[in-house]
Amino acid sequence: MHPRKVIGASRRVAVGATLGAVVFALGASSPAAAAPSQDDQLALQILDAITRGDFQAATTGFDSQMKQKLTPQDLSSSWTTYQQAYGTYQSHGDPQDVAVGALTVVSIPLQMQTQPGEFRVTFHPDQTVAGLFLLKAGTPVS
């Protein structure tokens, strides 16, 4: 039996420039289970709160670092800026999960009025939010 070679195991850093959120993790990324997860449900709840304009509710699950870096007011401003660039929110697709070290990254495709986008939330194992991103569709998880 040959030993397995680990490909792509390196320090991963994802930066949400629009929102100023930074996530650091060690490890390789790999697809998580296809069945809907608790993280998927939480990500959909956060997205729903954002699209309703309830930014206080959208930020309640943030970890302490996220609470400092992305206030409800900042999230509101970022959502407004995002919709100015991509058009108003129309609908969303199914969540896709990727494990990045101990973190779970949930990406949800967005159908916006003028062009597609992507909503991404990164969760700690305790399901607090480590990162939140409003992205161009197809942005790779890094």
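Worth pointing out:
- Hits in the range 111-138 (condition: at pLDDT 95 or above and more than 20 Å from Gln41 (Cα to Cα)): Met112, Gln113, Thr114, Gln115, Pro116, Lys136, Ala137
- Residue count for the range 87-114, restricted to those that are touching a Pro at 6+ places or on another chain (Cβ under 9 Å) and surrounded by 15 or more Cβ atoms within 10 Å (Cβ to Cβ): 13.
- Taking the criterion of being aliphatic (A, V, I, L, M) and under 14 Å from the mean Cα position of the chain (by Cα), the residues of the range 50-83 that qualify are Ile50, Ala58, Met66, Leu70, Leu75.
- Residue within the range 34-50 that is among the small types (Gly, Ala, Ser), at pLDDT 95 or above and either assigned to a strand (DSSP E or B) or loosely packed, with under 15 Cβ neighbours inside 10 Å (or both) present: no
- Count - residues of the range 67-101 that are assigned to a helix (DSSP H, G or I) and of a type outside the set (A, V, I, L, M, F, W, C): 15
- Ser29 vs. criteria crowded, with 17+ Cβ neighbours inside 10 Å, at pLDDT below 95 and of a type in the set (Ser, Thr, Tyr): yes
- Selected residue (criterion: surrounded by the most Cβ atoms within 10 Å (Cβ to Cβ)) from residues of the range 57-86 that are among the hydroxyl-bearing types (Ser, Thr, Tyr) and farther than 22 Å from Ala137 by Cβ: Thr59
- Test: residue in the range 15-23 that is in contact with a strand residue (DSSP E or B) (Cβ under 7 Å, 6 or more places away or on another chain), at pLDDT below 95 and small (Gly, Ala, Ser): yes
The values are calculated or read from the model by the stated rules, or taken from the named source; none is laboratory data. Everything quoted here is computed from the prediction, not taken from an experiment. Cβ: placed from backbone, ideal geometry, glycine included. Neighbour counts: every protein chain shown.
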